[in-house]
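Read through the structure below, which is laid out as C-alpha coordinates, and then see the notes.
The values are calculated or read from the model by the stated rules, or taken from the named source; none is laboratory data. Quick caveat, the model's predicted, so the values are computed rather than measured. Positions of Cβ are backbone-derived with ideal geometry, glycine not excepted, and every protein chain shown enters the neighbour counts.
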Number of protein chains: 2
Amino acid sequence: MRTKEAPKRPLRRDAEENRRRLLEAARELFAAAGFEVTMDEIAARAGVGVGTAYRRFASKEELLGALFEERVNELYAVVERALLIEDPWEAIAAFLRESVELQACDRGLKELLLSSPRSREFVTEARARIKPGVDELVQRAAAAGELRPGTEATDLVMVQIMLGAVTDLVDESTPDLLHRFLPLLLEGLRGGAPLPARALTVDEFDLAMERGHRR
Amino acid sequence: MRTKEAPKRPLRRDAEENRRRLLEAARELFAAAGFEVTMDEIAARAGVGVGTAYRRFASKEELLGALFEERVNELYAVVERALLIEDPWEAIAAFLRESVELQACDRGLKELLLSSPRSREFVTEARARIKPGVDELVQRAAAAGELRPGTEATDLVMVQIMLGAVTDLVDESTPDLLHRFLPLLLEGLRGGAPLPARALTVDEFDLAMERGHRR
DNA sequence: AGAAAGCGGAATGATGATCTCCACTTAGCT
DNA sequence: AGCTAAGTGGAGATCATCATTCCGCTTTCT
(Lines give C-alpha, C1' and ligand atoms only; values in the text may rest on other atoms or scores of the structure.)
Protein backbone atom coordinates (compact mmCIF):
# COMPACT_ATOMS: atom_id res chain seq x y z
CA MET A 1 0.00 0.00 0.00
CA ARG A 2 2.67 2.49 1.03
CA THR A 3 5.29 3.52 -1.42
CA LYS A 4 8.14 2.31 0.73
CA GLU A 5 8.05 -0.92 2.68
CA ALA A 6 10.08 0.37 5.60
CA PRO A 7 10.47 4.14 5.50
CA LYS A 8 14.00 4.67 6.87
CA ARG A 9 13.10 8.14 7.88
CA PRO A 10 9.69 9.80 8.00
CA LEU A 11 8.93 12.35 5.32
CA ARG A 12 9.38 15.96 6.18
CA ARG A 13 6.12 17.59 7.20
CA ASP A 14 5.66 19.55 3.98
CA ALA A 15 6.50 16.49 1.91
CA GLU A 16 3.94 14.37 3.70
CA GLU A 17 1.34 17.05 3.18
CA ASN A 18 2.12 17.30 -0.50
CA ARG A 19 1.87 13.57 -0.86
CA ARG A 20 -1.59 13.69 0.64
CA ARG A 21 -2.65 16.55 -1.61
CA LEU A 22 -1.39 14.76 -4.67
CA LEU A 23 -3.36 11.63 -3.89
CA GLU A 24 -6.45 13.70 -3.21
CA ALA A 25 -6.07 15.65 -6.44
CA ALA A 26 -5.45 12.45 -8.39
CA ARG A 27 -8.54 10.89 -6.88
CA GLU A 28 -10.73 13.76 -7.96
CA LEU A 29 -9.31 14.09 -11.43
CA PHE A 30 -9.19 10.37 -12.03
CA ALA A 31 -12.87 10.18 -11.19
CA ALA A 32 -13.65 13.09 -13.47
CA ALA A 33 -11.44 12.32 -16.43
CA GLY A 34 -10.23 8.74 -16.13
CA PHE A 35 -6.84 7.47 -17.14
CA GLU A 36 -6.17 10.43 -19.28
CA VAL A 37 -5.38 12.83 -16.49
CA THR A 38 -1.94 14.25 -17.00
CA MET A 39 0.62 14.59 -14.29
CA ASP A 40 0.64 18.31 -14.94
CA GLU A 41 -3.06 18.52 -14.17
CA ILE A 42 -2.73 16.49 -11.02
CA ALA A 43 0.19 18.56 -9.80
CA ALA A 44 -1.59 21.82 -10.64
CA ARG A 45 -4.71 20.74 -8.79
CA ALA A 46 -2.65 19.71 -5.81
CA GLY A 47 -0.99 23.11 -5.92
CA VAL A 48 2.53 21.77 -6.38
CA GLY A 49 4.94 21.52 -9.28
CA VAL A 50 5.26 18.40 -11.42
CA GLY A 51 8.71 17.86 -10.04
CA THR A 52 7.20 17.35 -6.63
CA ALA A 53 4.75 14.82 -7.99
CA TYR A 54 7.68 12.83 -9.30
CA ARG A 55 9.57 13.13 -6.05
CA ARG A 56 6.62 11.56 -4.19
CA PHE A 57 5.68 8.96 -6.76
CA ALA A 58 8.02 7.16 -9.09
CA SER A 59 5.67 7.39 -12.03
CA LYS A 60 2.16 8.17 -13.10
CA GLU A 61 1.43 4.48 -12.95
CA GLU A 62 2.43 4.24 -9.33
CA LEU A 63 0.33 7.22 -8.38
CA LEU A 64 -2.76 5.88 -10.11
CA GLY A 65 -2.07 2.36 -8.91
CA ALA A 66 -3.00 3.30 -5.38
CA LEU A 67 -6.30 4.66 -6.62
CA PHE A 68 -7.11 1.53 -8.62
CA GLU A 69 -6.94 -0.47 -5.47
CA GLU A 70 -9.29 1.83 -3.60
CA ARG A 71 -11.82 1.70 -6.41
CA VAL A 72 -11.78 -2.05 -6.75
CA ASN A 73 -12.17 -2.44 -3.03
CA GLU A 74 -15.29 -0.33 -3.12
CA LEU A 75 -16.76 -2.45 -5.85
CA TYR A 76 -15.82 -5.62 -4.04
CA ALA A 77 -17.63 -4.33 -0.99
CA VAL A 78 -20.76 -3.89 -3.08
CA VAL A 79 -20.66 -7.53 -4.14
CA GLU A 80 -20.09 -8.70 -0.59
CA ARG A 81 -22.97 -6.63 0.65
CA ALA A 82 -25.27 -7.98 -2.04
CA LEU A 83 -24.34 -11.53 -1.12
CA LEU A 84 -25.68 -10.93 2.36
CA ILE A 85 -29.14 -10.13 1.08
CA GLU A 86 -31.56 -12.99 1.60
CA ASP A 87 -33.85 -12.59 -1.40
CA PRO A 88 -31.92 -13.61 -4.51
CA TRP A 89 -33.58 -11.12 -6.80
CA GLU A 90 -33.16 -8.27 -4.38
CA ALA A 91 -29.51 -9.19 -4.13
CA ILE A 92 -29.01 -8.84 -7.87
CA ALA A 93 -30.96 -5.62 -8.03
CA ALA A 94 -28.94 -4.17 -5.16
CA PHE A 95 -25.66 -5.19 -6.73
CA LEU A 96 -26.51 -3.58 -10.02
CA ARG A 97 -27.94 -0.48 -8.47
CA GLU A 98 -24.98 0.15 -6.22
CA SER A 99 -22.27 -0.78 -8.65
CA VAL A 100 -23.74 1.36 -11.36
CA GLU A 101 -24.13 4.25 -8.98
CA LEU A 102 -20.50 3.85 -8.12
CA GLN A 103 -19.50 3.92 -11.76
CA ALA A 104 -21.76 6.80 -12.59
CA CYS A 105 -19.67 9.27 -10.64
CA ASP A 106 -16.34 7.84 -11.56
CA ARG A 107 -15.00 7.63 -15.04
CA GLY A 108 -11.80 6.16 -13.72
CA LEU A 109 -13.61 3.18 -12.28
CA LYS A 110 -15.56 2.71 -15.48
CA GLU A 111 -12.38 2.65 -17.51
CA LEU A 112 -10.68 0.47 -15.01
CA LEU A 113 -13.34 -2.20 -15.37
CA LEU A 114 -14.21 -1.91 -18.99
CA SER A 115 -11.19 -0.80 -20.85
CA SER A 116 -8.18 -3.00 -20.85
CA PRO A 117 -4.70 -2.62 -22.09
CA ARG A 118 -4.02 -0.16 -19.33
CA SER A 119 -2.42 -1.92 -16.47
CA ARG A 120 -2.97 -5.37 -17.80
CA GLU A 121 -2.35 -7.52 -14.76
CA PHE A 122 -4.02 -5.20 -12.39
CA VAL A 123 -7.26 -5.18 -14.30
CA THR A 124 -7.30 -8.92 -14.85
CA GLU A 125 -6.67 -9.47 -11.19
CA ALA A 126 -9.42 -7.09 -10.18
CA ARG A 127 -11.90 -8.80 -12.43
CA ALA A 128 -10.96 -12.21 -11.10
CA ARG A 129 -11.62 -10.95 -7.62
CA ILE A 130 -15.10 -9.68 -8.40
CA LYS A 131 -16.24 -12.49 -10.64
CA PRO A 132 -17.01 -15.34 -8.19
CA GLY A 133 -19.39 -13.21 -6.19
CA VAL A 134 -21.31 -12.11 -9.25
CA ASP A 135 -21.50 -15.68 -10.45
CA GLU A 136 -23.01 -16.68 -7.18
CA LEU A 137 -25.59 -13.92 -7.30
CA VAL A 138 -26.68 -15.15 -10.71
CA GLN A 139 -26.67 -18.81 -9.66
CA ARG A 140 -28.91 -18.14 -6.74
CA ALA A 141 -31.41 -16.04 -8.60
CA ALA A 142 -31.54 -18.50 -11.48
CA ALA A 143 -32.10 -21.40 -9.08
CA ALA A 144 -34.96 -19.49 -7.50
CA GLY A 145 -36.48 -18.90 -10.93
CA GLU A 146 -36.20 -15.15 -10.47
CA LEU A 147 -34.28 -14.52 -13.69
CA ARG A 148 -35.36 -14.56 -17.29
CA PRO A 149 -34.34 -17.99 -18.57
CA GLY A 150 -30.92 -17.92 -20.19
CA THR A 151 -29.60 -14.94 -18.28
CA GLU A 152 -25.93 -15.23 -17.40
CA ALA A 153 -23.35 -13.36 -15.40
CA THR A 154 -21.97 -11.67 -18.48
CA ASP A 155 -25.38 -10.11 -19.00
CA LEU A 156 -25.07 -8.23 -15.74
CA VAL A 157 -21.80 -6.78 -16.93
CA MET A 158 -23.44 -5.75 -20.17
CA VAL A 159 -26.07 -3.91 -18.16
CA GLN A 160 -23.28 -2.11 -16.36
CA ILE A 161 -21.73 -1.23 -19.67
CA MET A 162 -24.96 0.04 -21.14
CA LEU A 163 -25.71 2.23 -18.17
CA GLY A 164 -22.12 3.35 -18.07
CA ALA A 165 -22.51 4.65 -21.60
CA VAL A 166 -25.56 6.63 -20.59
CA THR A 167 -24.07 8.14 -17.49
CA ASP A 168 -20.93 8.88 -19.43
CA LEU A 169 -22.99 11.12 -21.59
CA VAL A 170 -24.75 13.20 -19.02
CA ASP A 171 -22.70 12.86 -15.88
CA GLU A 172 -23.26 15.55 -13.27
CA SER A 173 -26.16 17.59 -14.51
CA THR A 174 -28.66 14.74 -14.73
CA PRO A 175 -27.64 11.73 -12.75
CA ASP A 176 -31.16 10.38 -12.69
CA LEU A 177 -31.00 8.81 -16.13
CA LEU A 178 -29.48 5.92 -14.32
CA HIS A 179 -32.63 5.50 -12.27
CA ARG A 180 -34.69 5.71 -15.40
CA PHE A 181 -33.02 2.95 -17.32
CA LEU A 182 -31.82 0.67 -14.57
CA PRO A 183 -35.40 -0.29 -13.60
CA LEU A 184 -36.20 -0.83 -17.23
CA LEU A 185 -33.27 -3.17 -17.65
CA LEU A 186 -33.93 -4.92 -14.37
CA GLU A 187 -37.46 -5.66 -15.49
CA GLY A 188 -36.05 -7.10 -18.67
CA LEU A 189 -33.61 -9.25 -16.77
CA ARG A 190 -36.21 -10.50 -14.38
CA GLY A 191 -38.64 -12.25 -16.59
CA GLY A 192 -40.16 -12.94 -19.95
CA ALA A 193 -39.47 -15.31 -22.79
CA PRO A 194 -35.88 -16.34 -23.44
CA LEU A 195 -34.02 -13.86 -25.57
CA PRO A 196 -33.39 -14.66 -29.23
CA ALA A 197 -29.59 -14.48 -29.20
CA ARG A 198 -27.32 -16.18 -26.71
CA ALA A 199 -25.24 -14.46 -24.06
CA LEU A 200 -21.53 -13.86 -24.36
CA THR A 201 -19.55 -16.74 -22.92
CA VAL A 202 -16.96 -15.89 -20.33
CA ASP A 203 -14.18 -16.51 -22.83
CA GLU A 204 -15.73 -14.26 -25.40
CA PHE A 205 -16.20 -11.66 -22.75
CA ASP A 206 -12.60 -11.82 -21.62
CA LEU A 207 -11.48 -11.61 -25.20
CA ALA A 208 -13.60 -8.55 -25.81
CA MET A 209 -12.13 -6.93 -22.71
CA GLU A 210 -8.67 -7.92 -23.72
CA ARG A 211 -9.05 -5.95 -26.90
CA GLY A 212 -10.51 -2.93 -25.27
CA HIS A 213 -13.18 -1.14 -27.25
CA ARG A 214 -11.14 1.17 -29.35
CA ARG A 215 -10.04 -0.24 -32.69
CA MET B 1 -21.18 17.59 -52.89
CA ARG B 2 -18.29 17.76 -55.32
CA THR B 3 -15.06 19.37 -54.33
CA LYS B 4 -15.22 22.03 -57.01
CA GLU B 5 -18.40 23.84 -57.97
CA ALA B 6 -17.55 24.13 -61.65
CA PRO B 7 -14.69 21.87 -62.63
CA LYS B 8 -12.89 23.89 -65.28
CA ARG B 9 -11.35 20.78 -66.67
CA PRO B 10 -12.13 17.16 -65.84
CA LEU B 11 -9.57 15.29 -63.75
CA ARG B 12 -7.11 13.18 -65.55
CA ARG B 13 -8.14 9.55 -65.66
CA ASP B 14 -5.59 8.38 -63.10
CA ALA B 15 -6.48 11.23 -60.79
CA GLU B 16 -10.16 10.43 -60.98
CA GLU B 17 -9.40 6.81 -60.21
CA ASN B 18 -7.28 7.75 -57.23
CA ARG B 19 -10.00 9.98 -55.92
CA ARG B 20 -12.40 7.08 -56.08
CA ARG B 21 -9.98 4.73 -54.33
CA LEU B 22 -9.34 7.26 -51.59
CA LEU B 23 -13.03 7.66 -50.89
CA GLU B 24 -13.50 3.91 -50.87
CA ALA B 25 -10.56 3.38 -48.53
CA ALA B 26 -11.77 6.16 -46.26
CA ARG B 27 -15.23 4.65 -46.17
CA GLU B 28 -13.90 1.29 -45.03
CA LEU B 29 -11.48 2.63 -42.48
CA PHE B 30 -13.91 5.21 -41.16
CA ALA B 31 -16.40 2.45 -40.51
CA ALA B 32 -13.80 0.32 -38.78
CA ALA B 33 -11.95 2.90 -36.75
CA GLY B 34 -14.01 6.07 -36.66
CA PHE B 35 -12.67 9.58 -36.74
CA GLU B 36 -9.27 8.51 -35.68
CA VAL B 37 -8.22 7.11 -39.01
CA THR B 38 -5.09 8.87 -40.13
CA MET B 39 -4.51 10.20 -43.59
CA ASP B 40 -1.51 7.91 -43.83
CA GLU B 41 -3.70 4.88 -43.26
CA ILE B 42 -6.27 5.99 -45.77
CA ALA B 43 -3.65 6.70 -48.39
CA ALA B 44 -1.90 3.39 -47.75
CA ARG B 45 -5.14 1.48 -48.05
CA ALA B 46 -5.97 3.28 -51.27
CA GLY B 47 -2.54 2.38 -52.56
CA VAL B 48 -1.40 5.97 -53.05
CA GLY B 49 0.91 8.36 -51.23
CA VAL B 50 -0.32 10.89 -48.69
CA GLY B 51 0.65 13.64 -51.06
CA THR B 52 -1.94 12.37 -53.49
CA ALA B 53 -4.57 12.29 -50.79
CA TYR B 54 -3.90 15.96 -50.17
CA ARG B 55 -3.96 16.77 -53.83
CA ARG B 56 -7.46 15.29 -54.15
CA PHE B 57 -8.85 16.61 -50.88
CA ALA B 58 -7.93 19.85 -49.21
CA SER B 59 -7.87 18.33 -45.74
CA LYS B 60 -8.82 15.34 -43.71
CA GLU B 61 -11.98 17.12 -42.76
CA GLU B 62 -13.05 17.54 -46.35
CA LEU B 63 -12.41 13.90 -47.14
CA LEU B 64 -14.40 12.67 -44.18
CA GLY B 65 -17.08 15.27 -44.74
CA ALA B 66 -18.24 13.48 -47.85
CA LEU B 67 -18.62 10.29 -45.84
CA PHE B 68 -20.59 11.99 -43.08
CA GLU B 69 -23.18 12.92 -45.61
CA GLU B 70 -23.51 9.38 -46.93
CA ARG B 71 -23.90 7.99 -43.44
CA VAL B 72 -26.50 10.49 -42.38
CA ASN B 73 -28.43 9.82 -45.55
CA GLU B 74 -28.56 6.14 -44.72
CA LEU B 75 -29.89 6.87 -41.28
CA TYR B 76 -32.41 9.30 -42.66
CA ALA B 77 -33.61 6.58 -45.01
CA VAL B 78 -34.21 4.33 -42.03
CA VAL B 79 -36.43 6.93 -40.41
CA GLU B 80 -38.34 7.50 -43.62
CA ARG B 81 -38.89 3.80 -44.06
CA ALA B 82 -40.12 3.43 -40.50
CA LEU B 83 -42.59 6.25 -41.01
CA LEU B 84 -44.22 4.25 -43.78
CA ILE B 85 -45.05 1.38 -41.46
CA GLU B 86 -48.70 1.33 -40.50
CA ASP B 87 -48.53 -0.10 -37.00
CA PRO B 88 -47.01 2.56 -34.71
CA TRP B 89 -45.22 0.12 -32.48
CA GLU B 90 -43.78 -1.85 -35.37
CA ALA B 91 -42.54 1.42 -36.79
CA ILE B 92 -40.59 2.21 -33.66
CA ALA B 93 -39.22 -1.28 -33.38
CA ALA B 94 -38.14 -1.23 -37.01
CA PHE B 95 -36.48 2.16 -36.63
CA LEU B 96 -34.49 1.05 -33.63
CA ARG B 97 -33.57 -2.30 -35.09
CA GLU B 98 -32.33 -0.89 -38.35
CA SER B 99 -30.60 2.14 -37.00
CA VAL B 100 -28.79 0.14 -34.39
CA GLU B 101 -27.77 -2.45 -36.95
CA LEU B 102 -26.39 0.37 -39.05
CA GLN B 103 -24.40 1.70 -36.14
CA ALA B 104 -23.19 -1.70 -35.08
CA CYS B 105 -21.02 -2.12 -38.14
CA ASP B 106 -19.86 1.44 -38.33
CA ARG B 107 -17.87 3.12 -35.64
CA GLY B 108 -17.72 6.23 -37.72
CA LEU B 109 -21.48 6.60 -37.73
CA LYS B 110 -21.63 5.97 -34.02
CA GLU B 111 -19.10 8.68 -33.35
CA LEU B 112 -20.75 10.98 -35.79
CA LEU B 113 -24.05 10.81 -33.97
CA LEU B 114 -22.97 10.50 -30.40
CA SER B 115 -19.71 12.22 -29.99
CA SER B 116 -19.64 15.90 -30.63
CA PRO B 117 -16.94 18.43 -30.93
CA ARG B 118 -15.93 17.00 -34.28
CA SER B 119 -17.40 19.07 -37.00
CA ARG B 120 -19.80 21.01 -34.88
CA GLU B 121 -22.22 22.38 -37.45
CA PHE B 122 -22.32 19.27 -39.50
CA VAL B 123 -23.40 17.12 -36.60
CA THR B 124 -25.97 19.61 -35.38
CA GLU B 125 -27.42 19.83 -38.84
CA ALA B 126 -27.57 16.06 -39.20
CA ARG B 127 -29.38 15.73 -35.92
CA ALA B 128 -31.87 18.39 -36.85
CA ARG B 129 -32.61 16.50 -40.00
CA ILE B 130 -33.33 13.21 -38.24
CA LYS B 131 -35.18 14.56 -35.26
CA PRO B 132 -38.63 15.41 -36.66
CA GLY B 133 -39.15 11.91 -37.98
CA VAL B 134 -38.22 10.31 -34.69
CA ASP B 135 -40.51 12.69 -32.87
CA GLU B 136 -43.35 11.64 -35.09
CA LEU B 137 -42.67 7.95 -34.51
CA VAL B 138 -42.89 8.53 -30.79
CA GLN B 139 -45.99 10.71 -31.06
CA ARG B 140 -47.87 8.10 -33.01
CA ALA B 141 -46.98 5.22 -30.77
CA ALA B 142 -47.77 7.22 -27.67
CA ALA B 143 -51.13 8.26 -29.09
CA ALA B 144 -51.91 4.61 -29.79
CA GLY B 145 -51.01 3.71 -26.21
CA GLU B 146 -48.26 1.43 -27.43
CA LEU B 147 -45.51 3.02 -25.38
CA ARG B 148 -44.75 2.87 -21.70
CA PRO B 149 -46.23 6.08 -20.30
CA GLY B 150 -43.68 8.83 -20.11
CA THR B 151 -41.47 7.56 -22.89
CA GLU B 152 -39.97 10.31 -25.03
CA ALA B 153 -37.93 10.67 -28.16
CA THR B 154 -34.73 11.12 -26.21
CA ASP B 155 -35.28 7.69 -24.74
CA LEU B 156 -34.95 6.12 -28.15
CA VAL B 157 -31.61 7.81 -28.59
CA MET B 158 -30.53 6.52 -25.23
CA VAL B 159 -31.39 3.02 -26.37
CA GLN B 160 -29.19 3.59 -29.39
CA ILE B 161 -26.42 4.76 -27.14
CA MET B 162 -26.72 1.81 -24.82
CA LEU B 163 -26.64 -0.70 -27.62
CA GLY B 164 -23.85 1.20 -29.29
CA ALA B 165 -21.76 0.72 -26.16
CA VAL B 166 -22.37 -3.00 -26.29
CA THR B 167 -21.60 -3.43 -29.94
CA ASP B 168 -18.57 -1.25 -29.51
CA LEU B 169 -17.23 -3.82 -27.16
CA VAL B 170 -17.63 -6.93 -29.23
CA ASP B 171 -17.95 -5.75 -32.79
CA GLU B 172 -17.26 -8.38 -35.41
CA SER B 173 -16.87 -11.63 -33.52
CA THR B 174 -20.30 -11.61 -31.88
CA PRO B 175 -22.70 -9.25 -33.56
CA ASP B 176 -25.69 -10.99 -31.99
CA LEU B 177 -25.44 -9.23 -28.66
CA LEU B 178 -27.43 -6.56 -30.37
CA HIS B 179 -30.27 -8.97 -30.94
CA ARG B 180 -30.06 -10.10 -27.36
CA PHE B 181 -30.46 -6.72 -25.77
CA LEU B 182 -32.53 -4.84 -28.28
CA PRO B 183 -35.59 -7.06 -27.64
CA LEU B 184 -35.05 -6.65 -23.94
CA LEU B 185 -35.01 -2.89 -24.25
CA LEU B 186 -37.92 -2.84 -26.65
CA GLU B 187 -40.00 -4.78 -24.16
CA GLY B 188 -39.08 -2.25 -21.54
CA LEU B 189 -40.04 0.63 -23.79
CA ARG B 190 -43.32 -0.92 -24.76
CA GLY B 191 -45.12 -1.23 -21.51
CA GLY B 192 -45.17 -1.28 -17.77
CA ALA B 193 -45.51 1.26 -15.05
CA PRO B 194 -44.03 4.72 -15.60
CA LEU B 195 -40.33 4.88 -14.82
CA PRO B 196 -39.21 6.54 -11.60
CA ALA B 197 -36.98 9.23 -13.09
CA ARG B 198 -37.90 11.57 -15.90
CA ALA B 199 -36.48 11.51 -19.40
CA LEU B 200 -33.88 13.95 -20.65
CA THR B 201 -35.45 17.01 -22.18
CA VAL B 202 -34.36 17.91 -25.67
CA ASP B 203 -32.34 20.82 -24.32
CA GLU B 204 -30.56 18.66 -21.81
CA PHE B 205 -29.91 16.16 -24.52
CA ASP B 206 -28.44 18.73 -26.87
CA LEU B 207 -26.32 20.05 -24.10
CA ALA B 208 -25.00 16.61 -23.30
CA MET B 209 -24.17 16.07 -26.94
CA GLU B 210 -22.60 19.45 -27.17
CA ARG B 211 -20.15 18.47 -24.50
CA GLY B 212 -19.33 15.09 -25.90
CA HIS B 213 -18.73 12.35 -23.40
CA ARG B 214 -15.06 12.67 -22.80
CA ARG B 215 -14.10 15.03 -20.01
C1' DA C 1 23.21 28.07 11.36
C1' DG C 2 24.03 24.37 8.36
C1' DA C 3 22.93 20.48 5.81
C1' DA C 4 19.86 17.50 3.95
C1' DA C 5 15.46 17.20 2.05
C1' DG C 6 12.30 19.18 -0.76
C1' DC C 7 10.48 22.34 -4.26
C1' DG C 8 8.90 24.53 -8.88
C1' DG C 9 8.63 24.40 -13.46
C1' DA C 10 11.40 25.04 -17.78
C1' DA C 11 13.61 21.85 -20.61
C1' DT C 12 13.99 17.26 -22.73
C1' DG C 13 12.71 13.58 -25.50
C1' DA C 14 9.36 10.37 -27.31
C1' DT C 15 5.47 9.87 -30.06
C1' DG C 16 2.13 10.68 -33.36
C1' DA C 17 -0.60 13.44 -36.15
C1' DT C 18 -1.50 16.73 -40.34
C1' DC C 19 0.03 18.81 -44.12
C1' DT C 20 3.92 20.75 -47.51
C1' DC C 21 7.38 20.35 -50.99
C1' DC C 22 9.68 18.98 -54.91
C1' DA C 23 12.21 15.78 -57.97
C1' DC C 24 10.20 12.47 -60.73
C1' DT C 25 6.35 10.15 -63.76
C1' DT C 26 2.49 9.90 -66.84
C1' DA C 27 -1.77 10.98 -69.54
C1' DG C 28 -3.26 13.17 -73.32
C1' DC C 29 -2.76 16.32 -77.07
C1' DT C 30 -0.64 17.27 -81.58
C1' DA D 1 7.13 10.26 -81.01
C1' DG D 2 7.48 14.18 -78.19
C1' DC D 3 6.01 17.88 -75.28
C1' DT D 4 4.01 19.64 -71.19
C1' DA D 5 0.85 20.40 -67.68
C1' DA D 6 -1.20 17.52 -64.39
C1' DG D 7 -0.31 14.22 -61.20
C1' DT D 8 2.50 11.42 -57.92
C1' DG D 9 5.15 9.47 -53.77
C1' DG D 10 6.79 9.95 -49.51
C1' DA D 11 10.39 12.18 -46.68
C1' DG D 12 10.26 15.56 -43.48
C1' DA D 13 8.74 20.29 -41.66
C1' DT D 14 5.72 21.50 -38.13
C1' DC D 15 2.92 21.26 -34.40
C1' DA D 16 0.84 19.01 -30.23
C1' DT D 17 0.81 16.36 -26.21
C1' DC D 18 2.78 13.88 -22.52
C1' DA D 19 5.81 11.60 -19.12
C1' DT D 20 9.83 12.42 -16.98
C1' DT D 21 14.35 14.79 -15.65
C1' DC D 22 17.28 18.44 -13.93
C1' DC D 23 18.94 22.00 -11.25
C1' DG D 24 19.10 26.50 -8.90
C1' DC D 25 16.59 28.00 -5.05
C1' DT D 26 13.72 27.29 -0.54
C1' DT D 27 12.22 25.03 3.63
C1' DT D 28 12.47 21.97 7.53
C1' DC D 29 14.71 20.18 11.31
C1' DT D 30 18.29 19.66 14.53
Name the single residue, out of those in segment A:39-85 being aromatic (Phe, Trp, Tyr) and in a helix (DSSP H, G or I), that is surrounded by the most Cβ atoms within 10 Å (Cβ to Cβ).
A:Phe68
Conditions: (1) outside any loop (DSSP other than H, G, I, E, B); (2) at pLDDT below 90. B:Leu189 meets all but one. Number of the miss?
(2)
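Go over the candidates A:Lys110, A:Lys131 one by one and state the one that is closer than 24 Å to A:Asp203 by Cα, crowded, with 19+ Cβ neighbours inside 10 Å and among the charged types (D, E, K, R). If you could, list the steps in order and put the result at the bottom.
On the way: A:Lys131 fails: crowded, with 19+ Cβ neighbours inside 10 Å.
Matching residue, one of A:Lys110, A:Lys131: A:Lys110.
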Checked segment B:8-27 for anything more than 9 Å from DNA strand C (Cβ to nearest atom) and either surrounded by 14 or more Cβ atoms within 10 Å (Cβ to Cβ) or outside any helix (DSSP H, G or I) (or both); matches are B:Lys8, B:Arg9, B:Asn18, B:Arg19, B:Arg21, B:Leu22, B:Leu23, B:Ala25, B:Ala26, B:Arg27
Just one listed residue, out of B:Leu109, B:Leu137, is within 13 Å of the chain's Cα centre (by Cα) and more than 14 Å from chain A (Cβ to nearest Cβ), and it is B:Leu109
Here is a check on your reading of the model: is B:Val79 within 24 Å of B:Asp106 (Cβ to Cβ) and within 14 Å of chain A (Cβ to nearest Cβ)?
no
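In segment B:40-73, what residues are among the small types (Gly, Ala, Ser) and either near DNA strand C (Cβ under 8 Å from one of its atoms) or under 13 Å from B:Arg27 (Cβ atoms) (or both)? First the steps, then the outcome.
Of segment B:40-73, the ones among the small types (Gly, Ala, Ser) are B:43-44, B:46-47, B:49, B:51, B:53, B:58-59, B:65-66.
Selection gives B:Ala46, B:Gly49, B:Gly51, B:Ala53, B:Ala58, B:Ser59, B:Gly65, B:Ala66.
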For residues that are free of Cβ contacts under 8 Å to residues at least 24 places away in the same chain and of a type in the set (Gly, Ala, Ser), tally how many sit in segment A:97-156.
3
What residue, among those in segment B:29-43 that are within 13 Å of chain A (Cβ to nearest Cβ), within 16 Å of DNA strand D (Cβ to nearest atom) and of a type outside the set (D, E, K, R), is farthest from B:Lys110 (Cα to Cα)?
B:Thr38
